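Participant: Here it is, the structure in full.
The values are calculated or read from the model by the stated rules, or taken from the named source; none is laboratory data. Quick caveat: nothing in here was measured; it's all calculated off a predicted structure. Every residue, glycine as well, gets a Cβ built from its backbone with ideal geometry; the counts of neighbours run over all protein chains shown. Note: accessible area is taken over every heavy atom of the protein model, side chains too, but ligands, DNA and RNA are not part of it. Shrake-Rupley method; radii C 1.70, N 1.55, O 1.52, S 1.80 Å.
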Amino acid sequence: MADTNQGAPSLYAAREPIFPRRVSGKFRNLKWILMLVLLGIYYITPWIRWDRGPALPDQAVLVDLAHRRFFFFMIEIWPHEFYFVAGLLIMAGLGLFLFTSALGRVWCGYACPQTVWTDLFILVERWIEGDRNARLRLHRQKRWDLTKLRLRLTKWLAWLLIALATGGAWVFYFTDAPTLLSGLATGTAHPVAYTTIALLTATTFVFGGFAREQICIYACPWPRIQAAMMDEDTLTVGYRDWRGEPRGKHRKAEGAGQLGDCIDCHACVNVCPMGIDIRDGQQLACITCALCIDACDDVMDRVGKPRGLIDYLALSDEASERSGKPPRPIWKHVFRPRVLVYTALWALVGVGLLVALLLRPEIEMTVAPVRNPTFVVLSDGSVRNTYDVRLLNKHGEDRPFRLSLVEGGTLALTLEGEPATTVTVTANQTHLQRVYVTAPQGTAQAQAERTAVTLRVEDMSSGDIATEATVFNGRDN
């Protein structure tokens, strides 16, 4: 039987590497500035010191997993305050919605880690192998001579060093940076540190050096979500086909007067890190980095045509621009109901977090009644309940805490059976204290099934107070 699949086209096409050409302009300069700022923040932040006192780490930004705390300069977040982290994540999501609604995928084009490190890898590649044409020739060269081998090994080594610095910087956020660096250098660091660095080094090396645009197209979900965030008033990178078409290179040939402004030079395609042609319209792969705008503006300057053939524009302006009218002002596109709603929600969450941060107490208490047994009748007929009280001291020094009852009446409070009511809580620690509350025989609390009581703790140094409501179980329970 003949093979019916013989000669059938393959459903899989191998990736063709993209070699963007160097370009200069205002958007490229903006990307350089943002790349330097973002990389600087990432690499330098773990080494910034912040004095919190002798009992706390002096690293400004630290995710202390061992003690389950997060430090950010003067702010300290405890495990039970995870709502601050949740609020920040909500703000990040709303911020993405806000900027995407107003300016398209500006996060993807300028601040996404994949974009930032890919830009850095491409810059190194250009320094070592040359600009686009030189890199294309090297890629298409089948024979691996000494020159190609030297250039590739040099480039891969530079990429590997950048990836190693990236993975190394990440682990410094989770422990004291100078101590960990010393341990890594001497081989005494925890195996988890070496494993984490190895994994992040490998992923950075592969994602930034080889996968590049494939991460944005296939791995990242945001290109598919962005469609719901954008509308016809969103400012995004686009091509004014009503001005550029029909395209043509030969401006002195017959019929050249009928041509549009686009000379079909492919400059916009050659500089695109995603390898797309913006003239084909909006595409999932476009990250709105605006490098095509810089390239096109440069060509328009040289051929004596006005800039803006490729530009940030809104689809709602197409009809008016086709008729020769000016587009609507940028502020009318930005300040529209959808963007204002996202801004209000973002600000509301931010204000809520700020208020919660300013109003949170420096001491906290939780009370858990011991249920087995719920109460004990002592030899003198009095009824005693037992409670496990957790006291949290957020100060950087040991503090004496005094426990008492709010309007306890005939109830008496003791600690571990002793008459004392004061306990010392270690700095930045949680202290578990067994507390006894006793009701004398014949009192209302001793006879009632349940009586509402409130425990009170006072920081004897600062005067801060925390209270917690609970119940007292009597003999009729």
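Participant: For the charge dipole of segment 199-248, defined by +1 on Lys and Arg C-beta atoms and -1 on Asp and Glu C-beta atoms about the Cα centroid, which residue among Thr201, Gln214, Met229 has the Cα displaced farthest towards the positive pole?
Facilitator: Working it through, the farthest residue towards the positive pole turns out to be Thr201.
Participant: Where does the charge balance sit around Arg21 when Lys and Arg score +1, Asp and Glu -1, over other residues with C-beta under 10 Å from its C-beta? Can you show the working numbers first?
Facilitator: Numbers: positive: Arg22, Arg126, Arg132, Arg135; negative: Asp131.
Every neighbour counted, the sum reads +3.
Participant: I'd like the Karplus ³J(HN,Hα) series for segment 198-206: coefficients 6.51, -1.76, 1.60, θ = phi - 60°, whole numbers in Hz, and an x wherever there's a Gly or Pro.
Facilitator: Here the 3J(HN,Hα) series is 4, 5, 5, 5, 5, 5, 5, 4, 6 Hz.
Participant: What do the square roots of 5 times the Cα gyration tensor eigenvalues come to for segment 193-280, in whole Å, largest first, as semi-axes of the equivalent ellipsoid?
Facilitator: Values: eigenvalues 318, 72, 10 Å².
One finds semi-axes of 40, 19, 7 Å for segment 193-280.
Participant: Another one. Limiting things to C-alpha atoms, what are the Rg and the maximum Cα-Cα separation (Dmax) for segment 301-347, in angstroms?
Facilitator: 14.9, 47
Participant: Within 10 Å, count the other beta carbons around each residue, average over each peptide in 68-79, 229-240, and list them highest first. Could the numbers behind the result be given before it?
Facilitator: Details: 68-79: 14.3, 229-240: 19.8.
Listed from highest to lowest mean packing, they are 229-240, 68-79.
Participant: What is the distance in Å between the Cα centroid of segment 384-448 and that of segment 120-155?
Facilitator: That distance is 73 Å.
Participant: Classify segment 10-97: rounded, prolate or oblate, from the alpha-carbon gyration tensor (a ≥ b ≥ c, eigenvalue square roots; a/c under 1.5 rounded; otherwise prolate if a/b is larger than b/c)? Could the numbers behind the result be given before it?
Facilitator: Numbers: a/c = 2.54, a/b = 1.86, b/c = 1.37.
It is prolate, given that a/c is not under 1.5 and a/b is the larger ratio.
Participant: Moving on. How about the chain: what cysteines have no other cysteine beta carbon under 4.7 Å from their own?
Facilitator: Cys108, Cys112, Cys216, Cys220, Cys262, Cys265, Cys272, Cys286, Cys289, Cys296
Participant: Only four residue types carry charge here, +1 at the Cβ of Lys and Arg and -1 at the Cβ of Asp and Glu. Report the dipole size of the chain about the Cα centre in Debye, rounded to the nearest 20. Please report the intermediate quantities before stating the final value.
Facilitator: Values: 51 positive and 47 negative charges, 478 e Å.
Roughly 2300 debye, rounded to the nearest 20.
Participant: Write down the accessible area per residue of the chain in Å², having rolled a 1.4 Å probe over the full set of protein chains.
Facilitator: Details: 25940 Å² over 477 residues.
Here the residues of the chain average 54 Å² of exposed surface.
Participant: Report, in debye and to the nearest 20, how large the dipole of segment 43-171 comes out about its Cα centre when Lys and Arg carry +1 and Asp and Glu carry -1 on their Cβ.
Facilitator: Working: 16 positive and 10 negative charges, 220 e Å.
Once rounded to the nearest 20, the dipole reads 1060 debye.
Participant: Determine ³J(HN,Hα), in whole Hz, for all residues of segment 107-122 in sequence, where each value follows from phi through the Karplus function 6.51 cos²θ - 1.76 cosθ + 1.60 and θ = phi - 60°; x replaces Gly and Pro.
Facilitator: Taking θ as phi minus 60°, the curve returns 4, 5, x, 10, 10, 4, x, 4, 5, 5, 6, 5, 4, 5, 5, 5 Hz for segment 107-122.
Participant: Where the accessible area of the chain is counted over protein heavy atoms with a 1.4 Å probe, how much of it, in %, is carbon and sulfur? Each step should come with its number before you reach the end.
Facilitator: Details: 16150 of 25940 Å².
Here carbon and sulfur together make up 62 percent of the probe-accessible area.
Participant: With the dipole of the chain worked out from charges on the C-beta (+1 for Lys and Arg, -1 for Asp and Glu) around the Cα centre, which of Asn393, Ile263, Ala452 lies farthest toward the positive end?
Facilitator: Ile263
Participant: If you count, for each residue, the other Cβ atoms within 10 Å and average over each peptide, how do 368-376, 129-137 line up from highest to lowest?
Facilitator: On the way: 368-376: 12.8, 129-137: 15.4.
Peptide ranking by packing, descending: 129-137, 368-376.
Participant: Please report the spacing between the Cα centers of segment 313-343 and segment 32-106 in Å, no decimals.
Facilitator: About 34 Å separates the Cα centre of segment 313-343 from the one of segment 32-106.
Participant: With mean projected area of the Cα convex hull in nm² as the read-out, I listed (1) 23.1; (2) 21.7; (3) 39.9; which label goes with the value calculated from this structure?
Facilitator: Matching the structure shown: (3).
Participant: Another question, then. I want the local charge near Glu232. Using Cβ-Cβ distances under 12 Å, sum +1 for each Lys or Arg and -1 for each Asp or Glu among the other residues.
Facilitator: Working: positive: Arg328, Arg336, Arg338; negative: Asp231, Asp233, Asp317, Glu318.
Net local charge, Glu232 excluded: -1.
Participant: For the charge dipole of the chain, defined by +1 on Lys and Arg C-beta atoms and -1 on Asp and Glu C-beta atoms about the Cα centroid, which residue among Thr422, Ser382, Ala368 has the Cα displaced farthest towards the positive pole?
Facilitator: Ala368
Participant: Go through Thr438, Thr195 and list them by solvent-accessible area, largest first, probe radius 1.4 Å. Provide the component values of the computation, followed by the final result.
Facilitator: Values: Thr438 30, Thr195 80 Å².
So the residues, ranked largest to smallest area, are Thr195, Thr438.
Participant: Step through the residues of segment 149-156 one at a time and calculate ³J(HN,Hα) from phi using the Karplus curve (6.51 cos²θ - 1.76 cosθ + 1.60, θ = phi - 60°), rounding each to whole Hz and writing x for Gly and Pro.
Facilitator: Using θ = phi - 60°, the values come out as 5, 5, 5, 5, 5, 5, 5, 5 Hz.
Participant: By per-residue mean of other Cβ atoms within 10 Å, what is the highest-first order of 381-394, 343-356? Before the final figure, lay out each step's value.
Facilitator: Numbers: 381-394: 19.0, 343-356: 13.9.
In decreasing order of mean packing, 381-394, 343-356 become 381-394, 343-356.
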